Amino acid sequence: MAWLSGQRLQGGKYTIEKELGEGGFGITYRARDHNGRFVVIKTLNDSIQRRSDFAKFQQDFLNEAIKLAKCTHPHIVQIHEVIQEDSLWCMVMEYIDGEDLGNLVENQGVLSEAEALRYIQQIGEALTVVHNNSLLHRDIKPQNIMLRSSNSEAVLIDFGIAREFTPNLTKTHTKILSDGFAPIEQYGARAKRGAYTDVYALAATLYSLLTGELPTIAPMRAIGIELEEPKKMNSSISDRVNQAIIKGMEINPENRPQSVEDWLKLLGVEVASKIYSAPPKQTNSFPVISSLKSDYYKLRDLLADGNWRGANIETSNLMLSLGCPTKGRWLDSESIKKISCEEFHIIDKLWINYSNGKFGFSIQHKIWDTVQGNVDQFGNLVGWRVKHSWIQYSKYNFSINAPHGHLPAYLEFLGFVWKDGWFGAYWDGDLSRVKALVSKWEQCNI
């Protein structure tokens with residue numbers, strides 16, 4: 001049942017204002033949080049909730065929300081948190097004040113080539129981040145690209161049918177698409193998909209921005225109806241851009257550029273080399289994902305204030321309460337296994353966000369993989385080991401100038417003594433806890 005204006009969620013944290021739209025999977029609302037800020041809340045719609053396989057949709061929705069939360073980029077709508085309301089999972093996202101490109105073209109006419117390419121480059125950079133996280137958007141079109149009213153920057157929205165993909169692997173996909181922008185492989189439930197699937201849609205979007213027309217739908221083209229060249233409808237389009245659009249919209253996926261970067265090069269633009277990390281913390285920011293089982297507000301606030309020492313202690317307390325709520329204050333390898341992937345992702349995302357990508361489990365995991373599991377080399381890189389010796393916790397660097405991956409560093413309270421954590425056991429020749437942690441990272445795709 002759709003939510004009504006004035007309905008309160010999460011005990012009054014959010015108040016629904018109005019429905020923004022409904023698609024094949026989801027329904028979207030504008031709401032206000034308890035501080036009066038606008039947010040967007042998206043969840044599965046009534047038709048999906050009535051399906052016999054609703055539980056699977058719920059799990060897919062949650063898994064993909066967690067993955068999307070890791071796609072931090074200035075041109076991707078940001079997920080603030082994932083909540084559960086009356087057993088229904090929901091994404092709480094930033095509200096973008098602005099106009100979508102579909103409305104812009106409808107109201108003002110076709111865009112100049114320079115303006116259109118600027119937006120396409122921005123969305124291309126966003127898609128590169130999405131694809132690097134093994135996700136496809138699958139519904140790129142002018143209506144799903146917003147322009148912020150504050151700076152006219154393009155933002156990719158509506159990840160309602162985003163799906164995980166493995167290159168060159170055939171999977172069963174639900175047939176939800178937008179005619180004119182969807183490539184031929186999206187019309188078949190058992191067709192391979194890849195980055196080239198979104199390349200087609202991005203090229204079709206540029207086609208529409210420059211011509212004001214909907215491209216011929218892929219099934220019609222597959223039976224011989226030709227796609228009219230955009231330059232024939234708008235003579236101001238350059239030959240280079242005209243040919244790049246046609247190449248990006250090849251019917252056969254193998255004939256298209258296989259990545260967004262390759263297609264952008266045909267246009268004469270490139271993905272910026274800068275690696276985007278989470279944006280700087282806002283005064284009134286709140287976490288990307290929250291848990292129903294534990295209170296993360298204290299950790300969030302400590303991180304937002306740059307209190308790295310306090311945040312590290314709070315992280316340790318959270319890990320203890322999650323892994324061994326009834327056993328006391330010792331987190332062994334079996335207790336680590338009991339901490340859910342969702343909890344690991346929550347803590348990791350908070351650290352990543354507020355440290356601008358410097359601290360977090362996922363950073364530590366990357367470093368661990370880089371040294372191929374060599375404990376001593378890992379300790380050297382994250383700053384826990386100096387001059388061939390493991391340092392005491394009192395010597396840790398609780399500042400933003402610490403080495404990448406220096407925090408969080410788990411510790412345990414034993415009587416009146418703080419004992420070093422994850423790698424403290426290594427000094428005694430026991431690697432079981434280290435192995436359990438790394439195994440959890442891998443299991444949870446952190």
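What follows is calculated from the coordinates using simple rules that are stated; it is not laboratory data. Here the structure is a predicted model, which is why all the values come from computation and not from measurement. Positions of Cβ are backbone-derived with ideal geometry, glycine not excepted, and every protein chain shown enters the neighbour counts.
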Per residue of segment 382-392, what does 6.51 cos²θ - 1.76 cosθ + 1.60 with θ = phi - 60° give for ³J(HN,Hα)? Whole Hz please, x for Gly and Pro, Karplus curve as stated. 8, x, 8, 9, 10, 6, 6, 10, 6, 7, 6
Quick one: which of 229-235, 131-137 comes out on top by average Cβ neighbours within 10 Å, and what's the full order, highest first? 131-137, 229-235
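Which pairs, out of LYS192/LYS366; LYS13/LYS366; LYS42/LYS440; LYS358/LYS395; LYS192/LYS440, put more than 24 Å between their alpha-carbon atoms? Walk me through the intermediate numbers first.
Working: LYS192/LYS366 29 Å; LYS13/LYS366 35 Å; LYS42/LYS440 29 Å; LYS358/LYS395 19 Å; LYS192/LYS440 30 Å.
Beyond 24 Å: LYS192/LYS366; LYS13/LYS366; LYS42/LYS440; LYS192/LYS440.
Lys and Arg at +1, Asp and Glu at -1: add these up for the other residues within a Cβ distance under 15 Å of GLN243 and post the number.
Numbers: positive: LYS231, LYS232, ARG240, LYS247, ARG256, LYS265; negative: GLU113, GLU228, GLU229, ASP239, GLU250, ASP262.
Around GLN243, the surrounding residues sum to 0.
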Using Cβ contacts closer than 10 Å as the measure, can you line up TYR393, TYR207, TYR14, TYR354 from fewest to most? TYR393, TYR14, TYR354, TYR207
Using the per-residue mean of other Cβ atoms lying within 10 Å as a proxy for protection, in what order, highest first, do the peptides 219-228, 20-29, 361-370, 383-392 fall? 361-370, 20-29, 383-392, 219-228
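Quick one: net charge of SER5's neighbours, Cβ under 14 Å, K/R +1, D/E -1?
Numbers: positive: ARG8, LYS18, ARG30, ARG32; negative: GLU17, GLU19.
That sum, taken over residues with Cβ under 14 Å, equals +2.
With 10 angstrom as the radius, rank VAL199, VAL77 by how many other C-beta atoms surround their C-beta, starting from the fewest.
Working: VAL199 29, VAL77 21.
The most exposed by this proxy come first: VAL77, VAL199.
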